[in-house]
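Colleague: Provided herewith is a single structure, encoded as structure tokens, for subsequent inquiry.
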Amino acid sequence: MPELPEVETVLRGLKQRVIGRRLGVAQVSHRQIIVGSSVKFVREVSGRRILSARRKGKAIALELGPENANGDSGRRYLLVRLGMTGQLTVNAIAEPVEPHTHARLALEDGGEELRYVDARRFGRLRCLARHELDAVFGGLGPDAREISEEQFQEALLGRSGPLKSWLMNQQMLAGVGNIYADEALYLARLHPLTQAGGISAPDARRLLRALKRVLERAVALQGTSFRDYIDIEGRPGNFLPQLRVYQRTGKPCRRCRQPIERVIISGRSSHFCPNCQPRPRRLRLRRKIKNQRKTKRLAARKSIPQNK
DNA sequence: GCAAGCCTGACC
DNA sequence: GGTCAGGCTTGC
């Protein structure tokens with residue numbers, strides 16, 4: 001499943017393979033994957049040169065130059081969200097088209113095309129103006145690889161609800177999904193149901209370090225492939241054997257041999273070691289989180305000058 | 001039936 | 001405003 005390391009791997013592939021190339025005619029065979037009008041999408045992206053590629057969290061944005069077959073001006077951004085099973089690949093145009101290929105963007109020079117394949121169609125493509133892209137990226141929290149310890153601690157303040165859900169909340173922290181949330185919690189020895197706003201500063205520091213460590217390792221190994229995820233060249237990631245808890249229910253913990261357990265947290269399965277990640281008792285937590293929330297509000301009011 | 005990311009809407 | 005359940009989707 002594409003989370004930050006998988007998306008980063010795809011981004012690196014895009015940088016190698018498509019930057020500087022001009023898009024020919026785009027074809028969309030399943031309108032549902034396009035946000036907004038697919039006709040407009042095709043008109044907007046066709047003929048533009050791909051200038052750069054960047055990422056925030058799990059979202060990729062390809063910057064498209066102002067040159068357009070229809071004389072439209074101004075840059076556009078092709079925003080790609082892979083969802084669960086989305087794949088971006090560069091193929092020769094003559095190559096057989098895989099099932100579930102929903103969009104094909106011809107690449108000038110070289111007889112190739114960029115293909116979007118997505119069995120479950122949870123992913124989305126959209127073409128945006130600069131201010132729209134800024135709004136989308138602005139709605140995401142800091143990228144998980146880049147967030148500072150101060151930002152991390154600050155974002156945790158006043159949050160009720162399980163730490164696991166918090167890690168996966170893209171408005172708090174961008175890029176973490178189910179796999180790396182479980183893995184980071186295991187490395188940090190924190191139970192997934194721990195109240196987010198209730199953890200100590202040292203625990204938060206340990207969690208952030210664990211998260212960054214697991215993300216860096218996974219990036220180095222091109223991500224995790226269960227079945228669907230492949231990079232732009234069609235290669236799977238190599239992080240699967242490194243997983244400590246994710247999808248290892250009933251198997252022995254690699255630290256203490258206790259069987260890994262699974263619990264559903266806000267509709268998502270969470271895997272953890274009951275011995276290494278003991279359930280914390282929560283003492284007067286409600287009040288603590290409420291107070292944090294109040295302090296945070298006051299601080300925000302102070303730092304943002306009211307312009308009347 | 002389960003898995004997942006993301007969006008919507010219900011609830012407190 | 002924050003939190004969470006539900007729905008989308010299809011291969012296993």
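The values are calculated or read from the model by the stated rules, or taken from the named source; none is laboratory data. Because the structure is predicted, anything quoted here is derived from the model rather than measured. Every residue, glycine among them, receives a Cβ derived from its backbone with ideal geometry; neighbour counts consider all protein chains shown.
Colleague: Do you know which of the residues in the stretch A:149-164 that are in contact with a Leu (Cβ under 9 Å, 6 or more places away or on another chain) and outside any helix (DSSP H, G or I) is nearest to DNA strand C (Cβ to nearest atom)?
Modeller: A:S160
Colleague: Return the residues of the stretch A:198-227 that are within 16 Å of DNA strand B (Cβ to nearest atom) and either crowded, with 20+ Cβ neighbours inside 10 Å or small (G, A, S) (or both); say none if nothing qualifies.
Modeller: A:L211, A:V214, A:L215, A:A218, A:G223, A:T224, A:S225
Colleague: Looking at this structure, is A:L23 part of a strand (DSSP E or B), surrounded by 22 or more Cβ atoms within 10 Å (Cβ to Cβ) and within 16 Å of DNA strand B (Cβ to nearest atom)?
Modeller: Taking the combined requirement at face value, the residue does not satisfy it.
Colleague: Among the listed residues A:R124, A:R115, A:R159, A:R130, which satisfies the condition of being assigned by TED's automatic domain parsing to the domain that holds A:L64 and within 22 Å of A:N178 (Cβ to Cβ)?
Modeller: Answer to the selection: A:R124.
Colleague: Residues in the stretch A:229-249 that are of a type outside the set (A, V, I, L, M, F, W, C), within 16 Å of DNA strand C (Cβ to nearest atom) and out of contact with any strand residue (DSSP E or B) (no Cβ under 9 Å at 6 or more places or on another chain): how many?
Modeller: 1
Colleague: Does the stretch A:33-66 hold any residues that are among the small types (G, A, S), crowded, with 17+ Cβ neighbours inside 10 Å, closer than 20 Å to A:G86 by Cα and away from DNA strand C (no atom under 16 Å from the Cβ), and which are they?
Modeller: Those that are among the small types (G, A, S), crowded, with 17+ Cβ neighbours inside 10 Å, closer than 20 Å to A:G86 by Cα and away from DNA strand C (no atom under 16 Å from the Cβ): A:A53, A:G57, A:A59, A:A61.
Colleague: Determine whether the stretch A:173-189 contains at least one residue that is under 25 Å from A:L88 (Cα atoms), in a loop (DSSP other than H, G, I, E, B), out of contact with any Lys or Arg (no Cβ under 8 Å at 6 or more places or on another chain) and not charged (D, E, K, R).
Modeller: Taking every residue of the stretch A:173-189 in turn, at least one turns out to be under 25 Å from A:L88 (Cα atoms), in a loop (DSSP other than H, G, I, E, B), out of contact with any Lys or Arg (no Cβ under 8 Å at 6 or more places or on another chain) and not charged (D, E, K, R).
Colleague: Restricting attention to the stretch A:16-32, which residues are within 16 Å of DNA strand C (Cβ to nearest atom), touching a residue at least 24 places away in the same chain (Cβ under 8 Å) and in contact with a Ser or Thr (Cβ under 6 Å, 6 or more places away or on another chain)?
Modeller: Of everything in the stretch A:16-32, just one residue is within 16 Å of DNA strand C (Cβ to nearest atom), touching a residue at least 24 places away in the same chain (Cβ under 8 Å) and in contact with a Ser or Thr (Cβ under 6 Å, 6 or more places away or on another chain), namely A:V28.
Colleague: As an exercise: evaluate A:V136 against (1) in a strand (DSSP E or B); (2) of a type in the set (A, V, I, L, M, F, W, C); (3) within 26 Å of A:A181 (Cα to Cα) and give the number of the one condition it does not meet.
Modeller: The one condition A:V136 does not meet is (1).
Colleague: What are the residues in the stretch A:34-58 that are touching a Leu at 6+ places or on another chain (Cβ under 6 Å) and within 16 Å of DNA strand B (Cβ to nearest atom), if any?
Modeller: Correct list: A:I34, A:R55, A:K56, A:G57.
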